[in-house]
Every structure is written in C-alpha cells, then in structure tokens.
Amino acid sequence: MTRLYYEELGEGPGLHALIIGVGGYPYLPGGNGKQLEDPGQFGDLQQLTSPPKSALRMAELLRSHPSGWWKVPVVSIDLLLSHAPELDLPPDVQDAEAQGVIRRPTYEAIQDAFDDWTDRCAVNESNVAWFYFCGHGLQSTEHLLLPSDIGRYPGNPYAGAFSFDQTRLALSQQLPRTQCFIIDSCRLTSPGLTERLGGIPRGLASPDKYGSRMREAGFSLQIPAFQGAEALPERVSFLTSAVVRALEGQAAKPNEFGDWVVTTSEISSRVGRILAENLREISKEEPALELPPAHVEETCWGDVVLCDLNEPPPARLIVSCQPGELMHKAHLKCSPTPPPQRPAHKRKAGERYDWQLDLPSGYYDVSASFSKGRIVTNHWLVEPPVVTARLRVLPL
C-alpha cells in the first residue's frame, strides 16, 4: 500500500488532497534523460524551479493549521514531486523522497495516485476533494497537463499528457459533493500540437456520456487559455501565492453570526483581486520586472465553508476625498464600530495623498472634518484584500 505524505484518518468527513508539482522533466532540455531531437515541438519547454516550491507550500498550508480551522479536517495528502537535482529542498522533504513517501510524478504514478485518491474521496459524500497541479501545461482543444516523463517515447512524445477538462468532467459524476481544483500551469500552444496529438487526449478518468452530476459545490482555478503561468525563480508561483493568501483569510467574509469564514465562492471570486494586489506589491519591490496580467479563469459550483477563522483577517483601507483637491484640507478619522478595545486612527490635514490603513477586518466609521466645522462620515465594511472609501465632499 502506498504511503502518504500526510494521513490522519478518523471518523466523519475530511479533506483529501492530491498535490502534484512537476519541475524536473528528464526528457526536456536540461534534464538528465535522453533528450528529444526536436524540443521545439513542445514549444521549447525547459526545466522549472517553481512547481516543487509551490506544491510544498500548498501541502504545508493544508496540514499546518490547527484542528477547527478547516471546516472538515485535512485527513490525507498525497504529494508527487520532481525537481532539478541542484534545487535546494528542506531535509525532511529529501528524507520523504528517499523513503518513497514523495514519489516522482510520472504518468503511471499520477494515474495510480489519482485512482487511490478518488477512492478515498468517495468513501463519504461530505468529504472535500482537493486537486492541485503545478507544472507544464499546453492548450489544444483541451487543457493538457504534462507529467515528468513526457517525451520519454520519441515516436509518441506526447504519451502521458492528460486532459484536465476531461478529468474534471469525469469527477463531476463522482463523489464527494465538494471538489476543488487548482491548476497552476501554462496554457500556451505549440505549432501543430493538435495534429500531433491525433485526437482528444484522455483524462485521468473518463466521463460517462449518460452519467448524472454528483458534484454540488467547489471551484476550479486556472490560467486563462493561451496565457502563461508565471513565477520568480525558485519561488512559490504567483497564482499559488494568491490561493494561499485567500485561504489564510484574504477571501474571508462575515457569516450570519459575525464570524469570519472562507467559502468556496469567495475564493473563486476574490483570487483574481488578491493576485493583482500581490503583483502590485512585487512591482513596488522590483520595478524592473515585467509582470504578467492578473487574470484567473475561475468556475464555481455552489458555496460551502472551507475555513473558520479564529479572528478577523487583516485588510487594507484606502481613504480619499472627492474632489481630490480637498484632501489636504481634511482631518481624517477611522473608528471601529461597535468600538472594541482599539483606538481610532486619525490623520491631520496637510497631506495630499490617499490615506492607507492596515486594519483588522470589520465595520468602521470613516470621517473627514474641515476647518469650517463641516464633517462628512460614512460607514464601511472593511474586508480583504482592499477596500477603497471615497468621501464625497460638497464644495466648502
């Protein structure tokens, strides 16, 4: 029986994750296998340094939070990883690789892991299925994902490439009811790709033409068609970083009891905004970098709570006056409502730029007062990642 990277089985529903990070491709340029004679047929794909780091960050996120943080506990994580030999990975990861707990993501290993994962997921209809892939992808009529041994057979170099679209469709006809997919791969194409494939590639599972839909909730996140996935070298990718931030609270909202929760629909709807905010922060630190557009293709089904937060997540509030020329005349104040044991924030007149505050999420009164006694006040829900509060001021 395959040993899992993490396993904490118990009674009741749980979250089962299959996490695949493909950075090392032996048969592509820079790999240690027999090289393809014409790597151009793959669009000159190279070795990758981000997917191993990104997959490990996703696995760490899933298993590191205390009991009660996840709505259903994380009970199993199967991790498949490949990387360049020189890539520096933590000692515990190297030990897990040596012991076979972390396996190479060849097509055969991915298929075996997928079959075992779907069996675990289907045991309880209230389980959560979590599928994550980071590595090379291509776009033909389908979104193709490339295992580590792509290019192994020169006469059939695309052997092992599998269709994410077909896989996701097939899983919609299986339990559990909640399914989440994060596909952090390029969706570019290469000349003649569709012709060389010789038809629609198969998925890891095949949909039943007459099957009924069993999936009720969840989301699917991926890079839009004909765009590339981006990352800084040996860093967690931009999309994965945005998903991590979403789960850690940047996609949280208050429920009917006033508790802050992260739901599938909020992750789906906010991850693009979080990605854009991440890229803005990176551009400030490294202005010479050419960064990609903050686009995410998202699909959402239903809405279920994934995480219960112990406290309000951090958020950013940006305050401005309209018209802007009155900004330097305004004494600004931001007060939590109802007032907890936190002081109000204040800024004296004289500053012409917008007022930026990092605050715990919640409700706030924001006001601008002027020398002639004029006061303008509005009430805002400040929630992640960023809220802009514009105070409309009539001419003084």
Hits in the range 82-122 (condition: in a loop (DSSP other than H, G, I, E, B), of a type in the set (A, V, I, L, M, F, W, C) and touching a strand residue (DSSP E or B) at 6+ places or on another chain (Cβ under 9 Å)): Leu89, Val101, Ile102
Given the condition more than 16 Å from the chain's Cα centre (by Cα) and at pLDDT 95 or above, answer yes or no: does some residue in the range 261-281 qualify? yes
Answer yes or no: is there a residue in the range 210-221 that is crowded, with 22+ Cβ neighbours inside 10 Å and either polar (S, T, N, Q) or in a loop (DSSP other than H, G, I, E, B) (or both). no
Hey, does the range 127-147 have a residue that's assigned to a loop (DSSP other than H, G, I, E, B), of a type outside the set (A, V, I, L, M, F, W, C), out of contact with any Lys or Arg (no Cβ under 7 Å at 6 or more places or on another chain) and surrounded by fewer than 18 Cβ atoms within 10 Å (Cβ to Cβ)? yes
For the range 46-81, name all the residues that are free of Cβ contacts under 8 Å to residues at least 60 places away in the same chain, over 15 Å from Gly23 (Cα atoms) and outside any loop (DSSP other than H, G, I, E, B). Ala59, Glu60, Arg63, Ser64
Quick check on Leu193: is it at pLDDT below 95, surrounded by 19 or more Cβ atoms within 10 Å (Cβ to Cβ), over 14 Å from the mean Cα position of the chain (by Cα) and not hydroxyl-bearing (Ser, Thr, Tyr)? yes
Buried (at least 19 other Cβ atoms within 10 Å of the Cβ) and among the hydrophobic types (A, V, I, L, M, F, W, C) - does that describe any residue in the range 280-294? no
Any idea which of (1) of a type outside the set (A, V, I, L, M); (2) part of a loop (DSSP other than H, G, I, E, B); (3) without any contact (Cβ under 8 Å) to a residue 60 or more places away in the chain is the one Glu37 doesn't satisfy? (3)
Name the one entry in Ala246, Ala242, Ala252 that is under 28 Å from Ser269 (Cα atoms) and touching a residue at least 60 places away in the same chain (Cβ under 8 Å). Ala252
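The values are calculated or read from the model by the stated rules, or taken from the named source; none is laboratory data. Note that the structure is a prediction, hence the values are computed from the model and not measured. Every residue, glycine among them, receives a Cβ derived from its backbone with ideal geometry; neighbour counts consider all protein chains shown.
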